[in-house]
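Taken together, the values in this text are just the output of simple stated rules run on the coordinates, not laboratory data. Everything numeric here is computed off the predicted structure, so don't read it as measured data. Don't worry about glycine lacking a Cβ; one is built from the backbone with ideal geometry, like all the others, and counts go over all protein chains shown.
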Amino acid sequence: MRLATWNVNSVRARLDRVLAWIDRSDVDVVALQETKCKDEQFPEQAFLDLGYEVAHHGLSQWNGVALVSRVGLEDVSTQFSPDVPHFGEPAAAEARAIGATCGGVRVWSLYVPNGRTLQDPHYVYKLAWLEALRSAGVGWLGQDPQAQVALVGDFNIAPTDDDVWDVDFFAGATHVSEPERAAFRSLVDAGFADVVRPYAPGPGTFTYWDYTQLRFPKRQGMRIDFVLGSPALQARVSGATIDREERKGKGASDHAPVIVELAPNA
DNA sequence: ATGGTAGTCCAACTA
């Protein structure tokens with residue numbers, strides 16, 4: 001089974017590219033982030049025509065997450081915990097998570113809050129959101145240590161200095177702060193390993209390149225998109241790639257797709 | 001030449 005995650009930065013603005021990529025990449029399950037639309041605006045039929053089921057969660061023009069699957073899509077949930085923090089004035093839930101069981105794997109498509117700046121309320125929200133995710137993950141593995149769980153998506157964290165093109169450039173910025181990195185490590189310590197890294201070593205291996213300042217051709221990116229797998233899922237991983245080619249050309253998302261190959265269940 | 005973003009929807013925000 002091939003499982004992918006991709007922050008598409010608007011599914012409507014680049015629907016043709018998204019469909020073409022899914023079609024030629026032979027992926028069974030794709031987690032999308034930043035669909036940037038409400039449910040009623042999501043172009044579901046185009047995915048159905050390709051032979052995939054879709055579950056989407058979008059509340060406004062911001063955020064938005066989806067799961068696309070041709071191996072089943074069951075038990076959809078848009079809340080990994082009753083304690084997911086809210087944001088805004090008034091505080092409200094945002095469309096940053098959707099989970100479903102696809103081909104026996106519990107897949108969560110996640111769009112972690114950006115944080116904006118270290119002084120912004122959004123940064124506090126980001127850390128609280130990550131703690132709620134960690135707590136939920138501990139609960140799932142506590143109930144069933146053999147559960148096949150994949151926490152995938154845009155984590156908006158560069159876990160190590162090797163995951164940014166220039167450490168000095170990001171001094172004092174979000175994505176690289178110690179509390180964010182500690183939150184990422186806590187997810188790993190809870191049992192959710194970065195299953196891509198062994199197949200995509202760094203430094204200089206990235207999943208995101210800012211649209212500005214010609215960051216992509218200069219190879220100045222960040223590694224912030226991940227597939228984190230529970231122990232039973234890790235055991236099935238036989239390969240992984242970051243599809244840097246998809247970042248090229250007119251109409252590309254600023255993120256590249258990340259793909260993991262899973263061996264059949266033993 | 002010494003430059004240089006893109007999405008949501010039209011003013012400003014988000015990333």
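Quick rundown of the values:
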item	result
Residue A:238 versus residue A:138: modelled label distance in nm, points set 7 Å from Cα along the beta carbon direction	3.6
Region A:82-197: antiparallel DSSP beta bridges as a percent of all, rounded to 5	55
Computed [θ] at 222 nm, helices only, for chain A once each DSSP H run of length n ≥ 4 contributes -39500 (n - 2.57)	-6500 deg cm²/dmol
Within chain A, percent of DSSP bridges classed antiparallel, to nearest 5	80
Mean shadow area of region A:178-227, taken as a quarter of the surface of its Cα convex hull (nm²)	4.2
Cα→Cβ-extended label distance, 7 Å offset, between residue A:10 and residue A:49, nm	2.1
Relative packing of peptides A:96-105, A:171-180 - highest average C-beta neighbours within 10 Å first	A:96-105, A:171-180
Net charge over other residues, Cβ less than 9 angstrom from the Cβ of residue A:223 (K, R count +1; D, E count -1)	-2
Distant-in-sequence amide H partners of residue A:7 (H built 1.01 Å from N, under 5 Å)	A:33
Too-long pairs where the Cα-Cα distance tops 25 Å, listed order kept, from A:36/A:248; A:38/A:126; A:36/A:218	A:36/A:218
Three-way shape call for chain A based on the alpha-carbon gyration tensor, with the a/c threshold at 1.5	rounded
Estimated FRET transfer efficiency when R0 is 25 angstrom, pair residue A:261-residue A:188 (beta carbons, to 0.05)	0.75
Linear extension gain, residue A:75 paired with residue A:41, 0.36 nm per residue minus alpha-carbon span	10.0 nm
Cα gyration tensor shape of region A:153-266, rounded if a/c is under 1.5, else prolate or oblate by comparing a/b with b/c	oblate
Backbone HN-Hα couplings from phi across region A:188-196 [Karplus 6.51/-1.76/1.60, Hz, Gly and Pro as x]	5, 5, 6, x, 9, 7, 6, 7, 8
For chain A, with +1 on Lys and Arg beta carbons and -1 on Asp and Glu, the positive-most of A:92, A:257, A:60 along the dipole	A:257
Region A:165-205: C-alpha gyration tensor shape, a/c 1.5 cut-off, then a/b vs b/c	oblate
